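What follows is a single structure, written as structure tokens, with notes after it.
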Amino acid sequence: MTTTNAAMTGEEIVQLTRKHTLFEWSAQSAVDPIPVATAKGVYFYTPEGKRFIDFNSQLMCVNIGHGDERVISAIQEQAAKLAYANPFMATEVRARLGAKLAELTPGDIDAFFFTNGGAEANENAIRIARLFSGRHKIGARYRGYHGGTAGSLTLTGDPRRWAAEPGIPGVFRIPDYYHGIQKGSDTAEDVLARTEEVLELEGAKTVAAIIVESVVGTNGILIPPDGYMEGLRALCDKHGILLIADEVMAGFGRTGEWFAIDHWKVVPDLITMAKGLTSAYVQLGAVGMRRHIADHFDKNVFYGGLTYNSHPLACAAALATISVYEEDNLIENARRMGIVMRGLLEDLENHHQSVGATRNIGLFGIVELIRNRTTREPMAPFNSTSPEMQALGKFFRQEGLYTFVRWNTFFTNPPLCITEDEMREAFAIIDRGLELTDQAVG
């Protein structure tokens, strides 16, 4: 195949992409990508014009929706004025973004180190915690995902970690507050008691930080039980441990607050972000830290650096994206549409035998499927799939609904600009698709 300046067909795009690039987390022979040409609002389109409802905001990141001219213009204007300055220099967009984030983040978090994305934000968060505390251990949960680089993948508890082990030293596991549809949920008191026991066994004085997703993302949209985040904050304070809130996926309105941890009025010591920070129009992540942690580096060297730290185009995109959240009241819309989503999810539970559980907080949602109402056996095993889940995913694709179908679950994470009519359009497709999985219920 030769390439020209002429527009390529979807088939040509897929063929050439598969030949010369690798797709993530996949055996390449099993990859069947959707060719994407354009996108606007909650929809994207193939080169041939097939429309998909983007019900996953791509990777839970295009929070403001696709193709917003205000962000595109900001990127264009910044590129024309100053496309790059190295991170030892200061730019207006870097200054303005830092000040704006200080207004939005919880408590006295008001200093930021900018990265290329969420994984690097978490890498630098644990580095900052170790440098500040003089301790080396980091607690993390099994049902957590923190990124694909060496340190963040060790922090990750799910099976994506396995191939990268042994990973970095010093990471240990603290208890999760949810064990799946078969075992139900734990109380906050139970989980916190077991967490303190683990800290005792690990030696709390050796622990620099505990990192948690404020609301767990790809491992199940797991919402903390009442009292958990407050109790974890108190436990960290008791032992002089820093609390890191990973808001890479849950931040920037996804849950109906600027940051998910705001639901519990808890101030973490460090907060990580990416994805919704720029709505993925340009790559950018950040670590926010409380003032006393930032002050530590006044006279102590911060051992970290990235060529694209504080990239002007990314900072401009972030400032424009934050303006869109504010101008269009998208945080409030996520809260309002989250109530609509709750009702639609409950309708699925009431009408489909294969629906074992649903959860959402704002526009962060998931459906868990089962094949037996008594035993509550998942529709697919842990870290695997099944013919029924594959058939459901195929149906969604045929009908123009894009979302993640993972193990025995699928996600409901649309852009925050979604309307009620668009939401109902998506759930109508889901409703029809679940007729396939209902047939497998015994």
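Read the figures in this text as sums done on the coordinates, not as results from a lab. Everything numeric here is computed off the predicted structure, so don't read it as measured data. Every residue, glycine among them, receives a Cβ derived from its backbone with ideal geometry; neighbour counts consider all protein chains shown.
If contacts are Cα pairs under 8 angstrom and at least 6 residues apart, what is the relative contact order of the chain in percent?
On the way: 857 pairs, mean separation 88.3, N = 442.
For the chain, the relative contact order is 20 percent.
If you place +1 on the Cβ of every Lys and Arg and -1 on the Cβ of every Asp and Glu, how big does the dipole about the Cα centre of region 171-230 come out, in debye to the nearest 20? Walk me through the intermediate numbers first.
Working: 4 positive and 11 negative charges, 50 e Å.
About 240 debye.
Explain nothing, just the number: dipole magnitude of region 282-333 about its Cα centre with +1 on each Lys and Arg Cβ and -1 on each Asp and Glu Cβ, in debye rounded to the nearest 20. Before the final figure, lay out the partial values.
Details: 3 positive and 6 negative charges, 82 e Å.
Around 400 debye, computed over region 282-333.
Classify region 374-442 from the C-alpha gyration tensor, please: rounded if a/c falls under 1.5, else prolate or oblate depending on whether a/b exceeds b/c.
On the way: a/c = 2.05, a/b = 1.81, b/c = 1.13.
Prolate is the answer for region 374-442, as a/c is 1.5 or above and a/b outweighs b/c.
In this model, which of K205/K238; K137/K205; K137/K238; K50/K275 are farther than 19 Å apart at the alpha-carbon?
Details: K205/K238 11 Å; K137/K205 9 Å; K137/K238 16 Å; K50/K275 26 Å.
Over 19 Å Cα-Cα: K50/K275.
Of the residues A119, A95, A316, which exhibits the maximal mean-square fluctuation in a Gaussian network model of the chain defined by a 10 Å Cα contact cut-off?
Among A119, A95, A316, the largest GNM mean-square fluctuation belongs to A95.
Could you tell me whether the chain comes out rounded, prolate or oblate from its Cα gyration tensor? Rule is a ≥ b ≥ c as square roots of the eigenvalues, rounded for a/c under 1.5, then prolate if a/b exceeds b/c, otherwise oblate. Kindly include the intermediate steps, with their values, before the conclusion.
Details: a/c = 1.61, a/b = 1.13, b/c = 1.43.
Since a/c reaches 1.5 but b/c is at least a/b, the shape of the chain is classed as oblate.
Taking the dipole about the Cα centre of region 69-327, with the C-beta of Lys and Arg at +1 and of Asp and Glu at -1, give me whichever of Y228, V198, T156 is farthest to the positive side.
The residue sitting most towards the positive pole is T156.
Please give the calculated 222 nm ellipticity per residue for the chain, where each DSSP H segment of at least 4 residues contributes -39500 (n - 2.57) and the sum is spread over every residue; nearest 500 deg cm²/dmol?
Working: 13 runs with 165 residues, N = 442.
Rounded to the nearest 500, it is -12000 deg cm²/dmol.
Give the percent of DSSP beta bridges with both residues in region 69-327 that are antiparallel, rounded to the nearest 5. Working shown, then result.
Working: 12 of 27 bridges.
Just about 45 percent of them are antiparallel.
From the backbone phi of region 47-63, what are the Karplus-calculated ³J(HN,Hα) couplings (6.51 cos²θ - 1.76 cosθ + 1.60, θ = phi - 60°) in whole Hz, Gly and Pro given as x?
After applying 6.51 cos²θ - 1.76 cosθ + 1.60, I find x, 8, x, 5, 9, 10, 6, 7, 8, 10, 6, 6, 10, 6, 9, 7, 5 Hz.
If the only charges are +1 at each Lys and Arg Cβ and -1 at each Asp and Glu Cβ, what is the size of the charge dipole of region 69-327 around the Cα centre, to the nearest 20 debye?
Numbers: 25 positive and 31 negative charges, 133 e Å.
Roughly 640 debye for region 69-327.
Mean-square fluctuation check for the chain, GNM, Cα pairs under 10 Å: which of L392, L131, L22 is largest?
With Cα springs under 10 Å in the chain, the top fluctuation among L392, L131, L22 is at L22.
Would you look at the GNM of the chain, springs on alpha carbons closer than 10 Å, and say which of P106, P33, P87 moves the most?
Fluctuation is largest for P33.
Quick one: of the DSSP bridges fully inside the chain, what percent are antiparallel, nearest 5? Before the final figure, lay out the partial values.
Working: 32 of 49 bridges.
Percent antiparallel among DSSP bridges in the chain is about 65.
Let me know the longest stretch in the chain that avoids all GluC sites (Glu not before Pro) found in a DSSP loop with at most 10 other C-beta atoms within 10 Å.
Details: sites that count: E24, E48.
Formally, the longest exposed-site-free interval is 49-442.
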